[in-house]
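Data first, discussion second: the structure below is written as structure tokens.
What follows draws every value from the coordinates through simple rules; no lab data is involved. In this text the structure is predicted, and so the values were computed from the model without any measurement. Counting neighbours? That spans all protein chains shown, and the Cβs are built from the backbone with ideal geometry, glycine included.
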Amino acid sequence: MIKYILATLGLGGVAGYLNNNYVNLINNSWVSAYLFDFSLILLLFTMGFAFGTDKEAVVKLRKAGLRILGVPFSIALGSIAGGLVSGYVLGISVVGAMAVTSGFGWYTLAGPLVGQLFGADLGALGFVVNFLRELLTIVTTPLMAKIDRYTPVALGGATTMDTTLSIIVRYCGPETLIVAFSSGFALSMMAPFTITAIAGIPK
Amino acid sequence: MLNVIVPLIAGIMVGFLLRNRKRIDLGKISFGAIIVLIFSMGFSIGSSNELLQSMPKIGLNALVMVGLAMFFSVVFLKVFQKMVKLK
């Protein structure tokens, strides 16, 4: 699977580059607006379907109960800790690095918001870091699902409510649907507040 | 937001209604959709000159940051799972 993912990603990258710089066969936004959205909707439907047909999924979920709320909080703390350590390791602004990793993978938010609060350099990092988080989650989920079925949920951060949800459910089983979705949803809600709150820490 | 909730709920409802039917395998459809999704992600990277240009400058820093953020997320979640027994 990972072979297909990487090959398709590379192919898409080359196609996008050629289309943008040389041939201009289609409008760039057509791919993101139609192709991307259509495949995402189809995937979400098939994943919901798999959950709906799984008779044990609800029972498993009921057992986990309210404890699944601890999942996004652990992931948020882990992401911020990662930012803290990387700030020291790389010798860049520690507060800024924490804000960057507090995007939890939501790059369209983290890029502009961190840029506005910390300047363009960290804003670019905010975009790229969180973009890579989504990308690496997609690429590594088939492998990481073997460690533990919630490991890809932690890797994906906020992206597990949409873009990476389907891949996680495919490799980790239908019962991860609600955990992955609710964790991604909670992290998406938390990201703007966390970034803004971290920006308030005196540098 | 609505593009996520609506297909997901619709899928759950249709799946629930058909759960006693003979097993319907959507594996091939979801595989195809994943491939299209990843292709369009690759396409958006390739077609963004800004993103490609900023990569060599900040790529290494970004890799270290995303690696550590993902690593600690997994570790913290593991600790939480040990504490409350999620499984």
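Shielding of A:99-105 by partners, i.e. mean partner chain Cβ atoms within 10 Å per residue?
Per residue, the average neighbour count from other chains is 3.
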How much space per residue, in cubic angstrom, does the convex hull of the C-alpha atoms of the range A:104-203 take up? 87 Å³
Kirkwood Rh, Cα Rg: Rg to Rh for the protein assembly as shown? 0.98
In degrees, nearest 10, range 0 to 90: what is the angle between the Cα axis of helix B:27-46 and the longest Cα principal axis of chain B? 20 degrees
Just to be sure I understand the rule: take each whole DSSP H helix in chain A, project its Cα atoms onto its long axis, keep it if the span is 27 Å or more and its mean Kyte-Doolittle hydropathy is at least 0.0. Which ones pass? A:70-90, A:120-144, A:176-199
With respect to the cross-link table entries A:Lys3/B:Lys82; A:Lys55/A:Lys146; A:Lys55/B:Lys82; A:Lys3/A:Lys146, which display a Cα-Cα separation exceeding 25 Å? A:Lys3/B:Lys82; A:Lys55/B:Lys82
Test of understanding: extend the Cα→C-beta vector of A:Lys146 to 7 Å, then name every residue of the range A:170-184 with backbone N under 19 Å from that spot. A:170-173
Can you give me the Rg/Rh ratio for the range A:60-115, using Cα atoms for both radii and the Kirkwood formula for Rh? 1.15
Relative exposure of A:Trp30, A:Trp106, judged by other C-beta atoms within 10 Å (fewest first): A:Trp30, A:Trp106
A:Ala33 versus B:Leu60: modelled label distance in nm, points set 7 Å from Cα along the beta carbon direction: 4.0 nm
Shape parameters for the range A:1-133, alpha-carbon atoms, Rg then Dmax in Å: 19.5, 55
Which distance in nm do the two modelled labels at A:Tyr22 and A:Tyr4 give, with both placed 7 Å along the Cα-to-Cβ direction? 2.8 nm
Modelled label reach - A:Ser93, point 7 Å along Cα→Cβ, the range A:103-138 residues with backbone N closer than 18 Å: A:103-104, A:109-130
Quantify how strongly other chains surround peptide A:80-90 by giving the mean number of their Cβ atoms within 10 Å of each of its Cβ atoms. 5
Quote the Stokes-Einstein diffusion coefficient, in whole µm² s⁻¹, for chain B, based on the Kirkwood radius over alpha carbon pairs, a temperature of 25 °C and a viscosity of 0.890 mPa s. 139 µm²/s
